[in-house]
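Nothing in this text is a laboratory measurement; each read-out follows from the coordinates by a stated rule. The model shown is predicted, which means the values in this text are computed figures rather than measured ones. Glycine also receives a Cβ, built like all others from the backbone with ideal geometry; neighbour counts cover every protein chain displayed.
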Amino acid sequence: MPDSSYRKKWSELKKNIRPENLVRLSRQIAYSFLDLYLKDCHYEEDFIDLLCEMMTFSSNPQLNNPGTQALFEIIIERLCDDFESLQTETYNRVMSQVISFCRTIPEGSKLNNRLKKFGIHSNDDMLTRINRIRLNKNKLADKGVIKKILILSRVTIGADVAITSIIIQRLTELYPDTKIVLIGNSKLKEVYGANSNIRIEEISYSRKGGLMPRLSSWHRVLEIIDQESSSVHGDNVALIDPDSRLSQLGVLPLIPENNYFFFDSRSDTSFNKKMSMVELTNSWLDDITGVRGFKYPKTWVPDEHLRVSKDLFNKLRNNGAENVIVANFGVGGNLRKSVGKNLEKKLLIKLLQKPNTVILLDKGFGDQETSCTNALIAEIEKQGYLTRHTTFGSNIKELINWGVIGIESGIGEIAALIAMSEEFIGYDSACQHISAALGTPCLTIFAGSNNMRFIRRWSAHGQNRCSIVHVDTLSNPHAVEVDDIITRIMQLRK
């Protein structure tokens, strides 16, 4: 039975809005939804409706954000990371309910009208469609002449490298005369910019934004699809959806279903449970194309970034550096993925025990990560090692051949540094997949998840060594032995 006390609290809270109380109540509702779901798979619709109200009640986005964060970070991410069919079905049910709510409010009139054009008039229509899509057996080989292939970005760079780069390679090989358009963030140009076979149509999607801004990205995707389809016959267009956030993992329609190819990447039944995401993607492509093949992830880093990186590495090595490692301890705001500064400091010091080692330490993204990295570098300097600070492309006045260089860089620039280095070390992030794609040995410290299938799916997979050290920070974080973790790291590097 739904807990009516949450509705009473929400009614009282609206009379005297305090942001901290919004955060507290929205998290209570989200966790209560999971409590009921985890026990016996009970789905409490009223809790989702309450969160929908909290996500859309104000004209001030800052007041709507607590509800949005509770829904996505507590419920949706948990459901999506399990890689089980039941959780996938529940995600589809949650998101269909959320979208159905949004189409009833004034701000959702455009959403409502466009859904009607796709023949979706109710929540049941939406669920019926996504369930049908998951079972869709469309084959690219049956399409005849394909003149244009549209591919949705996965939104995160790491997932795009691990998944869409494979799709691009395989389809370019099979359809060399077909135009390929990738719909995604402008950052894709940093890792795909040197590939002349694809064109990137830019679209923004904020993973930390409010609910309506997230859904509004769908309108922009539809506009791009209409624009790209106008120059060719409808039957000659194929849309590849690799379980993208741009379609809310397939829940929002985009194109006639005969032209739509959906990669159900969260399934636990369609493919071998032992597969990495790279293997899973290749297996799915085998199925829809009818042609067996295998491609590793790949990046196409712009030449200007590679030239700058090569120049820096040449200077470092001419100065006596024999072993140059790129490290990154950024976690993209997901603090669960971090083991802590004690591990990071001790690991850097351990790596520096080998003479003539230079560690290029990426300062990460945002003020908080930069500040933490600067503090870490200061700790290394206290241990007697030389340190420097720079930005990608800037001259370092006094080069070192043994120590740490903190470097500010964009995603394409850090990719160029990884390409020239002997090794990459860091947490589970885009950089591990970039490293695998570049053929640079990488070691990932995998924390923040004890789901074995999630770890296996998202571990880097490349032609060179891709190792992981799993750290259980969830079951008993106080029992994490930093020295033991470092011993395991050094063992895998031999």
(request) Quote to one decimal, in nm, the extra length available between residue 199 and residue 465 on full extension: 0.36 nm per residue of separation minus the C-alpha distance between them. (result) 92.6 nm
(request) List the relative contact order of region 153-201 as a percent without decimals, with contacts defined as Cα pairs under 8 Å and 6+ residues apart. (result) 38 percent
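Taking only C-alpha pairs under 8 Å that are 6+ residues apart, what is the relative contact order of the chain in percent? Can you show the working numbers first?
Numbers: 816 pairs, mean separation 66.8, N = 494.
Computed value for the chain: 14 percent relative contact order.
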(message) I need the calculated FRET efficiency for the pair residue 307 and residue 42, taking r as the beta carbon distance and R₀ as 51 Å, to the nearest 0.05.
(response) 0.30
(message) Taking the beta-carbon count within 10 Å as an exposure proxy, list 322, 408 from fewest neighbours to most.
(response) 322, 408
(message) Order 462-475, 185-198 from most to least packed using the mean count of other Cβ atoms within 10 Å.
(response) 185-198, 462-475
(message) So, R0 is 30 Å and r is the distance between the beta-carbons of residue 490 and residue 85; what FRET efficiency does that work out to, to 0.05?
(response) 0.15
(request) Percent of Cα-Cα pairs per 5 Å bin, from 0 to the last occupied bin, for region 138-268, please list those. (result) 2, 10, 22, 25, 22, 13, 4, 1, 0
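Grab the Cα-Cα distance for residue 318 and residue 378, subtract it from 0.36 nm times how many residues apart they are, and report the gain in nm with one decimal.
Numbers: separation 60, 0.36 × 60 = 21.60 nm, distance 2.60 nm.
The residue 318-residue 378 span can extend by a further 19.0 nm.
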(request) Diagonalise the Cα gyration tensor of the chain and give the resulting equivalent ellipsoid semi-axes, square root of 5 times each eigenvalue, largest first, whole Å. (result) 39, 30, 20
(request) Give me the Debye-computed log₁₀ of I(q)/I(0) at q = 0.32 Å⁻¹ for region 333-372, equal point scatterers on Cα only, no solvent, two decimals. (result) -1.15
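Of 189/295; 15/39; 354/494; 315/341, which ones are farther than 23 Å apart at the Cα? Please report the intermediate quantities before stating the final value.
Working: 189/295 21 Å; 15/39 34 Å; 354/494 13 Å; 315/341 30 Å.
Exceeds cut-off: 15/39; 315/341.
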(request) Could you check the simple spin-label distance between residue 257 and residue 207, using points 7 Å along Cα→Cβ, in nm with one decimal? (result) 3.1 nm
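On a full-extension model of 0.36 nm per residue, what is the gain between residue 24 and residue 235, subtracting their alpha-carbon distance, rounded to one decimal in nm?
Result: 70.9 nm gained on full extension.
Could you tell me the calculated FRET efficiency between residue 131 and residue 349, based on Cβ-Cβ distance and R0 = 51 angstrom, to the nearest 0.05? Don't skip to the end; give the middle numbers.
Details: r = 53 Å, r/R0 = 1.05.
It comes to 0.45.
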(message) From Cα pairs below 8 angstrom and at least 6 apart in sequence, can you work out the relative contact order of region 4-133, rounded to a whole percent?
(response) 18 percent
(request) Please state, as a whole number in µm²/s, the translational diffusion coefficient that the Stokes-Einstein equation yields for region 1-121 at 10 °C and 1.306 mPa s, with Rh defined as the Kirkwood radius across alpha carbon pairs. (result) 105 µm²/s
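In a shell of Cβ-Cβ distance under 15 Å around residue 480, excluding residue 480 itself, what net charge do Lys and Arg (+1) and Asp and Glu (-1) give? Mind showing how you got there, number by number?
Working: positive: 336, 337, 341, 345, 346, 488; negative: 344, 472, 481, 483, 484.
With Lys, Arg at +1 and Asp, Glu at -1, the net is +1.
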